[in-house]
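Note sheet for the following structure.
The values are calculated or read from the model by the stated rules, or taken from the named source; none is laboratory data. None of these values were measured; they are calculated from a predicted model. Neighbour counts are summed over all protein chains in view; Cβ atoms, including those assigned to glycine, are modelled from backbone coordinates with ideal geometry.
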Amino acid sequence: MNGKLQGKFAVVTGAGSGMGRAISARFAVEGATVAALDVNSEAAQETADIIESHGGQAISVRVDVSDAASVTRAAQLVTSRFERVDILANNAGVLDSYAPLLETSEELWDHVLNVDLKSLFLVTKALLPTMIDRGGGVVVNTSSIAGFVAGGGGIAYTSAKHGVIGFTKQLTADYGRKGIRANAICPGAVETEMTQSLFESGDAAVMESVRAVPAGRYAQPEEIANLALFLANDESAFVHGAAYLIDGGWTVR
Ligand SMILES: NC(=O)c1ccc[n+]([C@@H]2O[C@H](COP(=O)([O-])OP(=O)(O)OC[C@H]3O[C@@H](n4cnc5c(N)ncnc54)[C@H](O)[C@@H]3O)[C@@H](O)[C@H]2O)c1
């Protein structure tokens, strides 16, 4: 039986953990060959191993998505191994400890903006030419509820995740007619390594905000992967430049 991504080649960043791993696994189950990219090469390889142990196809590539030279090397490796790139999921990201402006150092600002936003510029720029040359492709960018409202992160994270949505819209406006379909995913609280320490800390404000979500819980990474799959396959062919909230109702308040 053919999957929804049969014969497609997908690149997923931040693939060594959480949503990146779940998205990689889901894409592979649906028939895609996956390049699992992560700064943690062991974690990326683990994702590739999980995919292969379930009969899928994957390679792992180490990349620091915030570093231009590293991205160039990774893109060269991917394009030498894959005949084309049909899907790019820009998922890698880091949180900022919910730091407000006056507690945010320039170093923290640069780190969060570089990993969460500049990475989209670097990785997408490196792979877009090959996507366009081969007739187009799909870009799925991971933003956050912090791309819509305050309180999903600190000043750096919220600025970066708003930027991810802006990047997605401008990419759509500039390259839609060249076959590039880009959309953003905006999750609420998801149970991953990123949020584990936060949830475990029992911080009253954080726990209260999770409890107050209409869904009454946080999401599992696989639930976010379902949305990534929808945006990555042709069922969503008329969805361009959108930013999809998947937050259990967090932002209705
Ligand atoms: N967990 C949540 O509640 C939540 C909510 C909304 C949005 N998000 C976003 O979802 C995405 C995935 O988050 P997650 O919760 O799965 O986190 P996670 O920490 O479980 O996974 C993030 C992955 O990104 C990798 N990574 C970090 N810096 C990198 C770099 N410079 N280069 C390459 N890889 C790098 C990490 O090694 C890790 O494997 C992020 O963009 C995050 O901001 C998370």
ask   = Does segment 203-224 contain any residue that is in a loop (DSSP other than H, G, I, E, B), among the hydrophobic types (A, V, I, L, M, F, W, C) and away from the ligand (no atom under 16 Å from the Cβ)?
value = no
ask   = G135 fails exactly one of the following numbered conditions: (1) at pLDDT below 95; (2) assigned to a loop (DSSP other than H, G, I, E, B). What is the number of that condition?
value = (1)
remark   = Only one of S143, S119 is surrounded by 23 or more Cβ atoms within 10 Å (Cβ to Cβ) and in contact with a Cys (Cβ under 6 Å, 6 or more places away or on another chain), namely S143
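Okay, residues lined up against (1) within 15 Å of the chain's Cα centre (by Cα); (2) surrounded by 22 or more Cβ atoms within 10 Å (Cβ to Cβ):
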site: K125; (1), (2): no, no
site: R134; (1), (2): no, no
site: G153; (1), (2): no, yes
site: V164; (1), (2): yes, yes
site: E200; (1), (2): no, no
site: E222; (1), (2): yes, no
site: N226; (1), (2): yes, no
site: A232; (1), (2): yes, yes
query = Between residues in segment 168-194 that are on the phi > 0 side of the Ramachandran plot and at pLDDT 95 or above and residues that are hydrophobic (A, V, I, L, M, F, W, C) and more than 10 Å from the ligand (Cβ to nearest atom), which pairs lie under 8 Å by C-beta distance while being six or more apart or on different chains?
reply = G179/M131; G179/I132
query = Looking at E52, E46, E42, which is the one that is surrounded by fewer than 20 Cβ atoms within 10 Å (Cβ to Cβ), without any contact (Cβ under 8 Å) to a residue 12 or more places away in the chain, farther than 24 Å from D247 by Cβ and out of contact with any Lys or Arg (no Cβ under 6 Å at 6 or more places or on another chain)?
reply = E52
request  = Return yes when F27 is away from the ligand (no atom under 16 Å from the Cβ), crowded, with 17+ Cβ neighbours inside 10 Å and of a type in the set (F, W, Y) and no when it is not.
outcome  = no
